[in-house]
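Heads up: the structure comes next, in structure tokens.
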Amino acid sequence: MAVTIRPEAPADADGVWAILQPVLAAGDTYGWPTHPTREQGLALMHPPAGRTFVAEVGGRVAGVYYVKPNAAGHGDHVANCGYMVGPDARGHGVGEAMCRHSLDEARRLGFRAMQFNAVVSTNTGAIRIWERCGFAIVGTVPGAFRHPVHGDVAIHVMHRRL
């Protein structure tokens, strides 16, 4: 499956929302509101000082991610990203393609490392992808995420140098 990644355009909003809505409603990977309005949901993928990209497969939006500074001031040399893959595109390399693209984009923007602050421990598919892309779990916070099925589960902080 060929994946093309490009900067998000205003015309992508319907495709991005079609990914965001079911991912957020599931409530099992992000600590964000599970039922935001369309406007609120789309805003989540456009953080201040961030850049948003879409992954296309067959001309359709199959994934979306943003890259931004993980912190302001003295922490702004470390990037942070958030990725979402549409339910019908999972297991086809879209998430890994976006991660690898984000590493290149973060380097291009001058970041020196990338950190994921809250990878839900039950999200084992994402953890495997991040590890294949060179990330390591550098910390674990027990019970920090209220999973809708598994109850309180850990989150991992994952990091890699660029």
Among the numbered criteria (1) over 30 Å from GLY151 (Cβ atoms); (2) in contact with a helix residue (DSSP H, G or I) (Cβ under 7 Å, 6 or more places away or on another chain); (3) in a helix (DSSP H, G or I), which one does HIS74 miss? (2)
Among ALA18, ALA2, ALA11, ALA26, which is out of contact with any His (no Cβ under 9 Å at 6 or more places or on another chain) and without any contact (Cβ under 8 Å) to a residue 24 or more places away in the chain? ALA11
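With the structure loaded, tell me whether ASN80 is polar (S, T, N, Q) and either crowded, with 18+ Cβ neighbours inside 10 Å or touching a Leu at 6+ places or on another chain (Cβ under 7 Å) (or both) or whether it fails that test. Before the answer, list the steps.
Details: polar (S, T, N, Q): yes; either crowded, with 18+ Cβ neighbours inside 10 Å or touching a Leu at 6+ places or on another chain (Cβ under 7 Å) (or both): yes.
So ASN80 passes the test.
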Only one of (1) crowded, with 16+ Cβ neighbours inside 10 Å; (2) farther than 17 Å from SER102 by Cβ is not met by ILE19, so which one is it? (2)
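So, in the range 105-145, of the ones that are touching a Leu at 6+ places or on another chain (Cβ under 9 Å) and not basic (Lys, Arg), which residue ends up surrounded by the fewest Cβ atoms within 10 Å (Cβ to Cβ)? Give the derivation first.
So the first thing to find is which residues in the range 105-145 are touching a Leu at 6+ places or on another chain (Cβ under 9 Å), and the list is 106-107, 111-114, 133-134.
Those still in the list that are not basic (Lys, Arg) too: 106, 111, 113-114, 133-134.
Working: ALA106: 22, PHE111: 22, ALA113: 13, MET114: 25, CYS133: 16, GLY134: 15.
The residue in question is ALA113.
FYI, it's all coordinate maths here, none of it is from the lab. Note that the structure is a prediction, hence the values are computed from the model and not measured. For neighbour counting, all protein chains shown are included, and Cβ atoms are generated from backbone atoms with ideal geometry for every residue, glycine included.
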